[in-house]
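Have a look at the structure below, then the notes.
Since every read-out is calculated from the coordinates, none of them should be taken as a lab result. On a predicted model such as this, the values are computed, not experimentally measured, just so you know. When we count neighbours, we look across all protein chains shown, and the Cβ atoms used for this are built from the backbone with ideal geometry, even at glycine.
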Amino acid sequence: MQVTVTDAAEQHRYEGRVDGELAAVAEYIRTPELVVFTHTEVLRGHEGRGISSELVRQALDDVRGQQLKVLPLCPFVAGWMQRHAADYGDLEYRSRTSITPATA
């Protein structure tokens, strides 16, 4: 099975297709410096075949190619990135601000 992933930018999502049929989506919000993944969904009849994992892998490869970072608010994307930290951990957005506790 081959999953074809495209960035449907006008719909703010990556789409995973199998044999031309939409099988999964990864919704996002794009900013100038990062992509916030908000929701991933596998459509009925396509569950349990690894489609969402392939969708996320290809989406993250695309984000890397654009030299952007990823803020994974979607639990699936966050878990996937954690499981593949050796290869994709460098993409995770880290805030450049820090909070210093007030001293009493």
Given a Förster distance of 35 angstrom, what is the FRET efficiency for residue 96 paired with residue 41, based on the Cβ-Cβ distance and rounded to 0.05? 0.65
Just how many % of Cα pairs in the chain lie over 19 Å apart, if you round to the nearest whole percent? 42 percent
I want to verify a result. In a Gaussian network model of the chain, Cα cutoff 10 Å, which of these has the top mean-square fluctuation: 63, 25, 77? 63
Rounded to the nearest 500, what is the chain's calculated 222 nm mean residue ellipticity when only DSSP H runs of at least 4 contribute -39500 (n - 2.57) each, over all residues? -7500 deg cm²/dmol
What distance in nm lies between label points placed 7 Å from Cα along the C-beta direction at residue 84 and residue 67? 2.3 nm
Roughly how far apart, in whole Å, are the Cα centres of segment 45-76 and segment 19-36? 8 Å
